[in-house]
Amino acid sequence: MSAHLFSSRFHIAALCILITVSFGGCSDSDQIQSDTSQLDESVENGQDLAISKEEARYLQDVEHFGGFVLGDLCFPEIAKCIRNQDWEALEAFFTEDFAASVFVLEDTSEIRREFATFKLWGEDQQKLETGPDGFVESVTRIRGLYDTLDICSLKVMQMKPRTHGEFDSDWDGSCKLSFAGKSTDGQTMYHNFFFDCSITQISDDLPQETGWFSSCHVTSGKSGMCEDFLMQDITLDTGIETLGLRDNWQHKYNEGDVRPFKTGGVYACDYNNDGHIDLLITDINGLFFYQSNGDGTFKDVTFQVGLKRFEKSQVAVVGDLNNDGFEDLIIGRTVYKNVDGREFTALGDNEYSLDLSRVRAALTVVDYDGDGLLDLFSVGENMTSDPLPYINREGMRGSANILWKNTGNFQFEDVTEIAGVAGHGTNAFAAVWFDANGD
Ligand SMILES: [Ca+2]
Ligand SMILES: [Ca+2]
Ligand SMILES: [Ca+2]
Ligand SMILES: [Ca+2]
């Protein structure tokens, strides 16, 4: 998720905070418009959310300072110094007693594979305890291996105040220094080093300040080198047309436009049982169904299989709902029966028993009771047009989760209450089913 989505306070970065999936969000899908008449779906079961209002606010502040101020504003300046080999400017960020440890880079063995050569540094490798000079020397050596740099970045991995609640005192956490590009002898190469690090304090003024980076101790590292990139972009050779799909990061939104949280998804299935995976692509701009030709290429068969190109529902699910051996589809509020692997026909209202208007964010298929019939689970979602804050939305809970038990022939029974899975009204994008206890 990118910083550009949010105001700084709510910036989402790789932080130490493990938050149960609880992002609020509105979707601009016409299936999921916010609507006050839907409020009676919200979960008001008297149970408190996992953290107090104060704690939620604190987490947002930690995220703002650690993720946005440090991660998005300050660390890129350090990375810029490293990229430009401006060591004097880099050292200005260090405190007078800056302490560091670095690996003795030669102290590792090479792992040779047919396609690439790797190096790993970890607990077994020799480290040097050092100060600013030794740190800069180590970084200089790694930087010097590169002729051109595609990536030179310093990212926050975790960051939190050493003393709970004290932002203007020491912060501890970890960071990752990454390089990728071409080596001086023309090889494709990358280096990643992970550090435990400390900062003297973080406030909104930090980007204007120097002398705040107090320690940086390396914990592990890895590098790889090969003749050329191991992965190749083959999109143009597949027959899959991506031009019409919304790229939510690149798309230009006008001021005042709300950037949607969801713009679609890709659903893999083998609808014609020929052993080759076919693709359903839902997108804010329309619907696409690609049949695999079996040789890595695809054919657009959206119309041939009976689907509507201009259906703009992003919520979909694939699964053999009637156990006839052919995977069926639910797209938005329509249930499609797969007819012998040839086409999909939309079922009429009396041919299935699901109230799909209650589905908010995503549907997940699972046979939760092991009876051989695929059941459906819908996760709750924030139902207001204001997507923030995503932690402990005040005075407003998201919609309930719903579990539908499949009783055969597209008939479903709402077993949410019996199964006790309505949830606490937190917001989610999706659910994952797994057998946690191996029974
Ligand atoms: Ca197929
Ligand atoms: Ca079926
Ligand atoms: Ca079942
Ligand atoms: Ca289990």
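Read-outs: derived from the displayed coordinates by stated rules, not from any lab. Keep in mind that this is a model prediction, so the values were computed, not measured. Every residue, glycine as well, gets a Cβ built from its backbone with ideal geometry; the counts of neighbours run over all protein chains shown.
The ranking of VAL136, VAL104 from fewest to most other beta carbons within 10 Å of each one's beta carbon is VAL104, VAL136. What shape does the stretch 298-350 take by its C-alpha gyration tensor, where a ≥ b ≥ c are the square roots of the eigenvalues and a/c under 1.5 counts as rounded, a/b above b/c as prolate, and the rest as oblate? Verdict is oblate for the stretch 298-350. Relative to the current alpha-carbon distance between VAL339 and THR140, full extension at 0.36 nm per residue lengthens the span by 65.3 nm. Extension gain, ALA346 to GLU227, is 37.7 nm, computed as 0.36 nm per intervening residue step minus the present C-alpha separation. Residues in the stretch 353-375 near a label at VAL421, defined as backbone nitrogen under 14 Å from the 7 Å Cα→Cβ point? Counting only backbone N, you get 362-375. Averaging the Cα positions of each part gives two centres, and for the stretch 142-202 and the stretch 72-126 these lie 7 Å apart. Counting other Cβ atoms within 10 Å as a rough exposure proxy, the listed residues ASP97, ASP320, ASP283 run ASP97, ASP320, ASP283 from fewest neighbours to most. Once the Cα-Cα distance is subtracted from the 0.36 nm per residue extended length, the THR219 to ASP185 segment shows a gain of 9.4 nm. So which lysines pass the test for LYS127, namely a Cα distance under 24 Å, with those fewer than 8 places away in the same chain ruled out? Partners found: LYS119, LYS155, LYS176, LYS222.
Counting only lysines at least 8 places from LYS337 when in the same chain, those with an alpha carbon closer than 20 Å to its own are LYS308, LYS312, LYS405.
From the square roots a ≥ b ≥ c of the eigenvalues of the alpha-carbon gyration tensor of the stretch 79-226, which class results: rounded (a/c under 1.5), prolate (a/b over b/c), or oblate? It comes out prolate by the Cα gyration axes. In this simple spin-label model, placing a label point 7 Å from the Cα along the Cα-to-Cβ direction at both ARG112 and SER353 gives a separation of 6.8 nm.
Given R0 = 41 Å, the distance between the Cβ atoms of LEU149 and ASP320 translates into a calculated FRET efficiency of 0.25. Qualifying GluC sites (Glu not before Pro) in the stretch 48-126, where qualification requires a DSSP coil assignment and no more than 14 other C-beta atoms within 10 Å, comprise GLU106, GLU114, GLU123.
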